[in-house]
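Reading through the structure tokens given below for one structure.
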Amino acid sequence: MADTSQGVGGLTFDKSKRSWPNELNILLALVIIIVVFEAIGQFAPYMNGQSFLFDTKDRFDSIFNEARLQIIILQVAIIGIIALGVTQVIITGGIDLSSGPLVAATAMIAMSFAQVAEVNGFPNPKALFGPWAMDLPVIVPVVIGLAFGACIGIINGTFIAYFRIPPFIATLGMFLFCRGIALWWSGGNPVSFPTDAYAWIGSGMMPVVWFVLLAIIFQLIMSYTVYGKHTYAIGSNEEAARMSGINVKRHKVMVYMIASMLAAFAGIVLSSKAVTAQAGMGEFYELFAIAMAVIGGISLQGGRGSIIGTVLGAMVLGVIRSGFTYIKLDGSYQLMAMGAIIVAAVILDQYRQRNRA
Amino acid sequence: MSNDIVLETRGLTKHYGGVQALNDANFILKKGEHVAIMGDNGAGKSTFVRQITGVEQRTSGDVIFDGQPVNFTGPIDAREAGIETVFQTLALADHLDVPDNLFLGREKTKLDWLGPFRLLDYKSMRQDTLDALERTGVKIPNIRNTIERMSGGQRQCVAIARTASFASKLTIMDEPTAALGVQETAQVENIIRTLKEQGEPLILVSHNMRQVMDLVDRIIVFRRGRIVANLRKEETDGQDIVAYITGAKTGAEYEGAA
Ligand SMILES: Nc1ncnc2c1ncn2[C@@H]1O[C@H](COP(=O)(O)OP(=O)(O)OP(=O)(O)O)[C@@H](O)[C@H]1O
Ligand SMILES: [Mg+2]
């Protein structure tokens with residue numbers, strides 16, 4: 001029998017060096033974080049033996065605290081939808097800072113085509129347009145919102161790919177531009193009173209449904225389609241991708257377009273959930289979305305990471321936020337701690353990559 | 001006009017700003033012929049390759065491939081016309097594995113009506129990769145390994161296997177054995193001999209005198225962006241070639257050029 005682990009010239013293949021998927025590390029971190037919160041709850045004197053994971057009204061009949069899990073996921077679902085797109089952008093080696101304001105702008109625009117004519121028998125007090133824009137089928141605001149997102153993404157991508165503007169700068173410009181659009185759209189007034197169908201999009205646990213559904217779809221796309229393969233290839237070695245005949249510029253435009261459409265969809269879901277759209281919505285969302293991706297092991301150098309990683313990153317962020325509230329950590333401390341955790345995640349990732357190389 | 005010419009360049013020139021990397025290169029490659037390009041570092045060999053393969057746009061001059069004047073707008077154009085190239089930079093995506101790299105930009109797919117979201121046919125690409133590696137005699141311990149986990153020589157083997165596993169009208173290799181050990185070099189040279197037997201023409205950029213004398217029919221020497229010699233292997237030897245490379249000698253027909 002030929003020894004298959006032995007290549008010509010003594011090249012050997014060490015099976016033990018097979019990669020341990022990065023996602024498992026994040027899962028492990030998630031478990032550790034949960035255990036730490038559980039321990040603080042059980043043993044810290046001021047917590048009176050509460051539990052993070054379980055309902056402990058009756059200590060002998062502990063049942064899993066589903067409500068907390070639901071709230072955690074619900075809290076991260078909308079930003080998580082943005083993070084799915086940001087992940088793809090980061091995998092190409094880029095960055096997208098425009099998503100937070102894009103959420104607000106899309107919320108305003110979509111909501112203004114989703115308004116009802118009458119509220120409790122009176123004309124809609126927040127009506128932005130005339131009767132022609134009232135009581136439209138839900139598909140209209142959704143399509144308009146997504147189309148707006150697509151335009152913003154195409155503009156981002158075109159500046160980055162064709163005019164060689166660094167992604168940081170191009171999307172920073174778009175960040176301000178979109179916030180401007182959100183303020184200008186209705187002169188700073190909230191847009192409210194959507195149709196029932198529009199209000200359904202973000203009602204109850206629907207944001208979680210969309211997040212999970214989109215995460216599954218994009219995980220499959222990134223792993224099994226030409227689009228996904230080319231996205232990784234561009235982030236891995238843009239020159240090689242170009243030499244292999246990939247239309248790198250066109251592909252980048254498509255990636256930014258998809259990312260912005262996901263952010264736009266997040267804006268639709270958010271305005272539906274809040275049953276109103278306001279120009280200040282989505283503040284810091286772009287940063288939390290990037291944080292989810294980074295915690296989830298997406299390398300800012302590009303070429304590395306997965307949608308599953310980002311979903312886990314979103315869970316880590318959600319658990320930390322919920323856990324901090326649970327151990328009664330003040331909001332200001334929460335922000336400081338979260339900042340530290342994000343930086344720590346990147347340091348850890350770089351350390352891991354250096355050890356691998 | 002005889003049509004046994006595979007590739008011809010007339011006055012091929014490339015300037016990078018003020019750098020005249022390639023000047024007035026006139027070159028002919030006949031059917032089935034194996035030609036080596038030699039010259040010192042920075043002589044313009046890779047630049048010549050990049051102009052032929054559409055990676056860059058030439059400053060002036062003509063390229064005639066397979067009887068037609070061509071203006072490749074990108075490497076994919078050249079590849080579709082039948083030119084397979086191993087670039088000096090290898091052009092591999094580090095985070096992807098061997099089949100991914102072999103088929104990058106020309107993936108085998110299913111459900112093509114899905115457009116950019118058409119599915120990758122991993123199974124068939126893996127099988128083809130194994131076949132190609134077997135055919136070319138290249139041994140890679142595990143094709144599912146990503147390129148970043150491979151040695152320089154293994155990377156080079158992947159790049160060469162990529163070139164050799166697709167049928168082509170012309171193969172170009174830019175220093176394919178630069179990082180290879182003795183056995184791997186022998187492997188690559190065997191691939192080149194196989195191409196010769198199959199009558200496939202080849203342009204080989206190499207600094208390795210022994211290899212060049214072993215493998216090719218003709219040697220072109222570049223010096224400071226110009227072709228300074230065109231030598232049949234039987235009519236030259238190592239010392240002679242070195243004289244052209246270093247500038248001690250210049251071919252009669254190129255007098256006044258360099
Ligand atoms: N993109 C570029 N911009 C500016 N100058 C360049 C560029 N590419 C190559 N050059 C210059 O053109 C000249 C020829 O370079 P080239 O890469 O063709 O050399 P080479 O003969 O392949 O050398 P080597 O044996 O080292 O590979 C060099 O002086 C190099 O500095
Ligand atoms: Mg070179």
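Please state which one of A:241, A:233, A:259, A:264 is modelled with pLDDT under 95 and either more than 17 Å from residue A:93 (Cβ to Cβ) or among the aliphatic types (A, V, I, L, M) (or both). Can you show your working first?
Details: A:233 fails: modelled with pLDDT under 95; A:259 fails: modelled with pLDDT under 95; A:264 fails: modelled with pLDDT under 95.
Every option except A:241 fails the conditions.
Filter the range B:28-54 for residues that are near ligand 1 (Cβ under 10 Å from one of its atoms) and basic (Lys, Arg); which is farthest from residue B:87 (Cα to Cα)? Outline the logic, then answer.
Going residue by residue through the range B:28-54, those that are near ligand 1 (Cβ under 10 Å from one of its atoms) are B:37-51.
Filter once more, keeping what is basic (Lys, Arg): B:45, B:50.
Values: B:45: 11, B:50: 9 Å.
If we take residues in the range B:28-54 being near ligand 1 (Cβ under 10 Å from one of its atoms) and basic (Lys, Arg), then B:45 is farthest from residue B:87 (Cα to Cα).
Can you name the residue in the range B:36-58 that is crowded, with 16+ Cβ neighbours inside 10 Å and away from ligand 2 (no atom under 16 Å from the Cβ) and is also farthest from the other protein chains (Cβ to nearest Cβ) among such residues?
Once the filter is applied, the top-ranked residue is B:58.
So, residue B:21, is that one within 14 Å of chain A (Cβ to nearest Cβ) and either among the aliphatic types (A, V, I, L, M) or within 16 Å of ligand 2 (Cβ to nearest atom) (or both) or not?
On the way: within 14 Å of chain A (Cβ to nearest Cβ): no; either among the aliphatic types (A, V, I, L, M) or within 16 Å of ligand 2 (Cβ to nearest atom) (or both): yes.
No; evaluated as a whole, the condition is false for this residue.
So for the range A:215-224 (the condition being more than 9 Å from every other protein chain (Cβ to nearest Cβ) and under 26 Å from residue B:75 (Cα atoms)), does at least one residue qualify?
yes
Search the range A:103-126 for residues that are hydroxyl-bearing (Ser, Thr, Tyr) and pair each with any residue that is open to solvent by less than 10 Å² (accessible area, probe 1.4 Å) and in a helix (DSSP H, G or I) when their beta-carbon atoms are under 6 Å apart and the residues are at least 6 apart or on different chains.
Pairs that qualify, where the first residue is hydroxyl-bearing (Ser, Thr, Tyr) and the partner is open to solvent by less than 10 Å² (accessible area, probe 1.4 Å) and in a helix (DSSP H, G or I), are A:106/A:145; A:106/A:149; A:106/A:264; A:106/A:267.
Hey, can you tell me all the residues within the range B:120-160 that are open to solvent by 30 Å² or more (accessible area, probe 1.4 Å) and hydrophobic (A, V, I, L, M, F, W, C)?
Within the range B:120-160, just B:130 meets the criteria.
From the residues in the range B:165-179 that are modelled with pLDDT under 85 and more than 16 Å from ligand 1 (Cβ to nearest atom), which one is farthest from residue B:5 (Cα to Cα)? Even if it seems obvious, please write down each step before you answer.
Looking only at the range B:165-179, we keep the residues that are modelled with pLDDT under 85, and these are B:165-168, B:178-179.
Imposing the further condition that a residue be more than 16 Å from ligand 1 (Cβ to nearest atom) reduces the set to B:165-168.
On the way: B:165: 24, B:166: 21, B:167: 19, B:168: 15 Å.
Only one residue fits best here, namely B:165.
Got a number for residues in the range B:166-190 being touching a strand residue (DSSP E or B) at 6+ places or on another chain (Cβ under 9 Å) and more than 16 Å from ligand 2 (Cβ to nearest atom)? Lay out the reasoning, then the answer.
Here is the first cut: in the range B:166-190, the ones touching a strand residue (DSSP E or B) at 6+ places or on another chain (Cβ under 9 Å) are B:166-176, B:188.
Now restrict to residues that are more than 16 Å from ligand 2 (Cβ to nearest atom): B:166-171, B:188.
So the count comes out to 7.
Spot the failing condition for residue A:247; the list is (1) at the interface with chain B (Cβ under 8 Å from one of its Cβ atoms); (2) modelled with pLDDT under 95, and only one is missed.
(1)
Suppose the filter is under 20 Å from the mean Cα position of the chain (by Cα) and in contact (Cβ under 8 Å) with a residue 40 or more places away in the chain; does residue B:98 pass it? Steps first, answer last, please.
Values: under 20 Å from the mean Cα position of the chain (by Cα): yes; in contact (Cβ under 8 Å) with a residue 40 or more places away in the chain: yes.
The answer is yes for residue B:98.
State yes or no: is residue B:97 more than 8 Å from chain A (Cβ to nearest Cβ) and either surrounded by fewer than 19 Cβ atoms within 10 Å (Cβ to Cβ) or small (Gly, Ala, Ser) (or both)? Walk me through it before giving the result.
Details: more than 8 Å from chain A (Cβ to nearest Cβ): yes; either surrounded by fewer than 19 Cβ atoms within 10 Å (Cβ to Cβ) or small (Gly, Ala, Ser) (or both): no.
Taking the combined requirement at face value, the residue does not satisfy it.
Please go through the range A:310-357 and pick out each residue that is open to solvent by less than 60 Å² (accessible area, probe 1.4 Å), touching a residue at least 40 places away in the same chain (Cβ under 8 Å), more than 21 Å from the chain's Cα centre (by Cα) and farther than 26 Å from residue A:219 by Cα.
Within the range A:310-357, A:326, A:327 meet the criteria.
So is residue B:218 more than 16 Å from ligand 1 (Cβ to nearest atom), modelled with pLDDT of 90 or more and of a type outside the set (S, T, N, Q) or not?
On the way: more than 16 Å from ligand 1 (Cβ to nearest atom): yes; modelled with pLDDT of 90 or more: yes; of a type outside the set (S, T, N, Q): yes.
Answer is yes for this residue.
Check residue B:86 against each of (1) within 13 Å of ligand 2 (Cβ to nearest atom); (2) within 22 Å of residue B:15 (Cα to Cα); (3) more than 10 Å from chain A (Cβ to nearest Cβ); (4) not basic (Lys, Arg) and name the one condition it does not meet.
That leaves (2) as the condition not met.
With respect to the numbered conditions (1) among the hydrophobic types (A, V, I, L, M, F, W, C); (2) within 16 Å of the chain's Cα centre (by Cα); (3) within 16 Å of ligand 2 (Cβ to nearest atom), which one is the sole condition not fulfilled by residue B:76?
(3)
Quick one: would you say residue B:195 is within 16 Å of ligand 1 (Cβ to nearest atom) and in contact with a helix residue (DSSP H, G or I) (Cβ under 9 Å, 6 or more places away or on another chain)? Outline the logic, then answer.
Working: within 16 Å of ligand 1 (Cβ to nearest atom): no; in contact with a helix residue (DSSP H, G or I) (Cβ under 9 Å, 6 or more places away or on another chain): yes.
It is false that residue B:195 is within 16 Å of ligand 1 (Cβ to nearest atom) and in contact with a helix residue (DSSP H, G or I) (Cβ under 9 Å, 6 or more places away or on another chain).
Residue check, residue A:60 against (1) at pLDDT below 80; (2) in a helix (DSSP H, G or I); (3) not small (Gly, Ala, Ser), all met but one. Which one?
Against the list (1) at pLDDT below 80; (2) in a helix (DSSP H, G or I); (3) not small (Gly, Ala, Ser), residue A:60 comes up short only on (2).
Which residues, counting only those in the range A:158-205, are more than 22 Å from residue A:100 (Cβ to Cβ) and open to solvent by 20 Å² or more (accessible area, probe 1.4 Å)?
The first filter runs over the range A:158-205 and keeps only residues more than 22 Å from residue A:100 (Cβ to Cβ), leaving A:161-164, A:193, A:195-197, A:199-200, A:203-205.
Listed by number, the residues that qualify are A:162, A:163, A:164, A:193, A:196, A:197, A:199, A:200, A:203, A:204, A:205.
The values are calculated or read from the model by the stated rules, or taken from the named source; none is laboratory data. Values in this document were obtained by computation on a predicted structure and should not be read as measured data. Heads up, the Cβs are rebuilt from the backbone with ideal geometry, glycines too, and the neighbour counts pull from every protein chain shown. The accessibility values were calculated without ligands, DNA or RNA, using every heavy atom of the protein model including side chains. Shrake-Rupley method; radii C 1.70, N 1.55, O 1.52, S 1.80 Å.
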